[in-house]
Amino acid sequence: MHKKIKKLSQIPSGQSCIIQDIEAGKGAEHKITTMGLYKGKKIFVKKDTNPIIIHSSSGSVAIGKNLASKIIVEISRPKMLIVGNPNVGKSAVFSRLTGFKVISSNYPGTTSEYVRGETKFGEQLYEIVDVPGAYSLKSSCEAEDISCRMLQDVENYDLMLYVVDASNLERNLFFALESLHLKKPSIILLNKSDIAKMKGITIDAKKLSELIGVPVIEFVAVTGEGAKNLEREVINIDLNNPPTKIEIPKTSDGKWRLIGEISRKAQHIKYKKPSIFQRFGQLTTKPLTGFPIALAVLVLCFFSVWFFGEGLINYILGPIYEHVYLPVITKSFGWLGDGFMSSLLLGSEGEGVAKTFGVLTDGINIALVQVFAYVLVFYFMFGILEDIGYLPRLAVLLDDVLHKVGLHGFGSIPIMLGIGCKVPAVLSTRFLEQEKQKIIALALTLIIAPCISQSAMIISILSPHGMGYVFLVFFILLVSGMFAGFILNKMMKQDIPEMFMEIPPWSIPTLKVLMVKLKLRIISYIKDAVPFIMFGILLINLLTSFGVIAYLGKIFYWPVTKILGLAPDTISVIILGFLKKDISIALLIPFELTAWQLIVACVFMSMYMPCVATALIIFKEVGLKNTLKVVGFNLLFAFIIAGSLNFIIQYFI
């Protein structure tokens, strides 16, 4: 049992607890005990507002919150782990049980997260933990290692809810048998039972329960079918009596033989023709049809994020910032005058590097308006692609191509995310196994994929000269990124691991699950990225105030004017691009550059340096040494590519 000492006045309704002490005066203590509330008494909180109503074997009692604060109780809340292979619908089951009240937590000593929440079965409140998906108790990556450690820490949970994809019974049963070997009270949930039946697969849940020795329930997380049966089994299960009926072999071969026998007795498969979704799934992994489909998905995502992101900025977040937040914050700190602190917190007007960006003004605008809008929409779109099962198919499609630049198919995920915003793209590299893969993925993401707002600015300033120039910029970035990956792959001597992953069946996403994932990802963005953005703006202001930015302008005078062929006045704009790249590209407009000069500037400013928010998140994820490697390589590579482009334009066009 998960135990915690609290005051009775702090206990929420639906919670069971045991009275440990009564810290009232003798008269009040006597009154409480005569009502049957004595030390060691188990009680149940039916209502947690004043007066509190509690229930016990002695009956129901109403007690004021002040008096309840004198009663010290121990919470005995059972903990349930939701366990299973990846892509079996654990998140959907978790969302069905807990709703939107969920918390994301880091496992101690790691950057990987798990999700926890609460739900009631009968009158008992349970803590629910969604354990990261795994295939075996022998881990092969950090996420699986966390799953194994959580499962093997048998003293820290009371019940295991093992989720099985009913359409892939045999494969799912291997990890289930390994988990049952831990001798913890367990329930097996045959999730996606509706999909299994559509495929001609029938599972006798009663027979399977008899063979394995634990309750087995048919379940459909999307609709909630089977939820009542699950509640009944949880209420009736004996948390102190683990399953002992089945003898589980110790060897893998023995387990597979047992799984074969169980499947033959409990499962019946009737052949059905492949559905339209199955046939479409085959098309997405074949190069001839897969690449056009991927391009269509990419374009759809790009324009969706741009359209809805711009809408959020122009009609909701922007007006709130301009007409509500900014006047209040400016008035609140107006007493600072025009001094150093005012410049630091509120910013100051100026030309080029003389302008400072306020932590409380531009910092909030960048973090919670300009970037947040695109992150919000892109995470929602990404959640849809994730839940329908397209991302593993995209990884398979791109695996052969990405191997040539030092990545396997999973490396496509950061690049795709980078098209929306670099911050979530950088965070996604934590799932790549090797340091080499992370560095290459980061470099390619910064080169190939301008963020959505930056891309919008490129289109805005180049489209008046013709869309051909716009497509040329993106084509140059794509080719340059692949070339950079090829170079890094040759420079960094480390074998690339082969892809080994499951391709899940197509699924219809549910809004509830999408919103829970969106909530957790947005909380992660606010927690991980926003403080770094604010710190970055503070740092830039300090560097500006002490003349460091102006000094850098002098250093870059010759490279910018001679190698890139750009006007000296553009140096300040390029330096400011470190803070906000899309705005810096928009600031090129007053310089009246030619179309070819704009192409050179856009190519260089897209790849030369990550924005301050991205740079600090890279530092957080891979450390200072690898951050300097990525930033140094990209800066040098940007000068080489943009300089070569300028040379070709001057002498051949």
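Descriptive notes on the structure:
Table: residues versus (1) modelled with pLDDT of 85 or more; (2) touching a strand residue (DSSP E or B) at 6+ places or on another chain (Cβ under 6 Å).
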residue	(1), (2)
H2	no, yes
D21	yes, yes
A28	no, no
Y38	yes, no
K47	no, yes
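- Sole exception among (1) without any contact (Cβ under 8 Å) to a residue 60 or more places away in the chain; (2) under 20 Å from V622 (Cα atoms) for F475, by number: (2)
- Where helices (runs of 4 or more DSSP H) fall wholly inside region 294-412, the ranges with 2 or more residues that are open to solvent by 20 Å² or more (accessible area, probe 1.4 Å) and modelled with pLDDT of 85 or more are 326-332, 371-388.
- Taking region 189-202 as the range and being farther than 17 Å from W506 by Cα and over 34 Å from the mean Cα position of the chain (by Cα) as the test, only T202 passes.
- Any hit, region 472-491, residues being closer than 21 Å to W306 by Cβ, at pLDDT 80 or above and in contact with a Cys (Cβ under 7 Å, 6 or more places away or on another chain): yes
- Test: residue in region 163-182 that is under 15 Å from M80 (Cα atoms) and out of contact with any strand residue (DSSP E or B) (no Cβ under 7 Å at 6 or more places or on another chain): yes
- When region 551-578 is limited to residues that are in a loop (DSSP other than H, G, I, E, B) and at negative phi, the one that is modelled with the highest pLDDT turns out to be L564.
- Count - residues of region 77-104 that are open to solvent by 20 Å² or more (accessible area, probe 1.4 Å) and at pLDDT below 80: 5
- Contact annotation: residue pairs with Cβ atoms under 6 Å, 6 or more positions apart or on different chains, pairing a residue in region 167-195 that is more than 14 Å from K90 (Cβ to Cβ) and in contact (Cβ under 8 Å) with a residue 60 or more places away in the chain with a partner that is among the polar types (S, T, N, Q) and open to solvent by 10 Å² or more (accessible area, probe 1.4 Å), are L169/Q267; I195/S167.
- Residue selected from region 231-240 under the condition surrounded by fewer than 21 Cβ atoms within 10 Å (Cβ to Cβ) and among the hydrophobic types (A, V, I, L, M, F, W, C), by the criterion nearest to F121 (Cα to Cα): I235
- Answer residue from region 606-637, given it is in a helix (DSSP H, G or I), closer than 16 Å to V560 by Cα and without any contact (Cβ under 8 Å) to a residue 40 or more places away in the chain and is nearest to the chain's Cα centre (by Cα) among those: L635
- Meets criteria (of a type in the set (D, E, K, R), open to solvent by 20 Å² or more (accessible area, probe 1.4 Å), over 29 Å from L360 (Cβ atoms) and at pLDDT 75 or above) for K620: no
- Qualifying residues in region 435-471 (those that are of a type outside the set (G, A, S) and in contact with an Asp or Glu (Cβ under 6 Å, 6 or more places away or on another chain)) - the one modelled with the highest pLDDT: Q454
- Considering residues of region 276-293 that are open to solvent by less than 40 Å² (accessible area, probe 1.4 Å) and touching a residue at least 12 places away in the same chain (Cβ under 8 Å) only, the residue farthest from L402 (Cα to Cα): G281
- Counted residues, region 9-47 - those being of a type outside the set (S, T, N, Q), open to solvent by 70 Å² or more (accessible area, probe 1.4 Å) and touching a residue at least 40 places away in the same chain (Cβ under 8 Å): 1
- Qualifying positions in region 255-293 - part of a helix (DSSP H, G or I) and among the aliphatic types (A, V, I, L, M): L258, I259, I262, A266, I276, L283, L288, I293
- Filtered residues of region 540-566 (kept if of a type in the set (A, V, I, L, M, F, W, C), within 22 Å of M341 (Cα to Cα) and in contact (Cβ under 8 Å) with a residue 60 or more places away in the chain): I540, L542, I549, A550
- Selection over region 523-538 of residues that are over 12 Å from V423 (Cα atoms) and either touching a strand residue (DSSP E or B) at 6+ places or on another chain (Cβ under 6 Å) or modelled with pLDDT under 70 (or both) gives a count of 2.
- Close pairs from region 246-261: first more than 15 Å from K207 (Cβ to Cβ) and basic (K, R), partner part of a loop (DSSP other than H, G, I, E, B) and open to solvent by 20 Å² or more (accessible area, probe 1.4 Å), Cβ under 8 Å, at least 6 apart: K255/P249; R257/P249
- Evaluation of K438 against the conditions (1) open to solvent by less than 20 Å² (accessible area, probe 1.4 Å); (2) within 20 Å of N489 (Cα to Cα) shows that the sole unmet condition is (1).
- Note on region 106-148: residues that are modelled with pLDDT under 80, within 16 Å of the chain's Cα centre (by Cα) and open to solvent by less than 20 Å² (accessible area, probe 1.4 Å) amount to 1.
- Taken over region 48-67, the criterion of being surrounded by 15 or more Cβ atoms within 10 Å (Cβ to Cβ) and under 14 Å from P12 (Cβ atoms) is satisfied by D48, I52, I53, I54, K65.
- For region 427-479, taking the residues that are assigned to a loop (DSSP other than H, G, I, E, B) and not aliphatic (A, V, I, L, M), the one that is farthest from the chain's Cα centre (by Cα) is identified as G466.
The values are calculated or read from the model by the stated rules, or taken from the named source; none is laboratory data. These numbers were taken from a predicted model, which means no experiment stands behind them. Because the Cβ atoms are built from the backbone with ideal geometry, glycine has one as well, and the counts that use them run over all protein chains shown. To get the accessible areas, we keep the full protein, side chains included, count just its heavy atoms, and leave off ligands, DNA and RNA. Shrake-Rupley method; radii C 1.70, N 1.55, O 1.52, S 1.80 Å.
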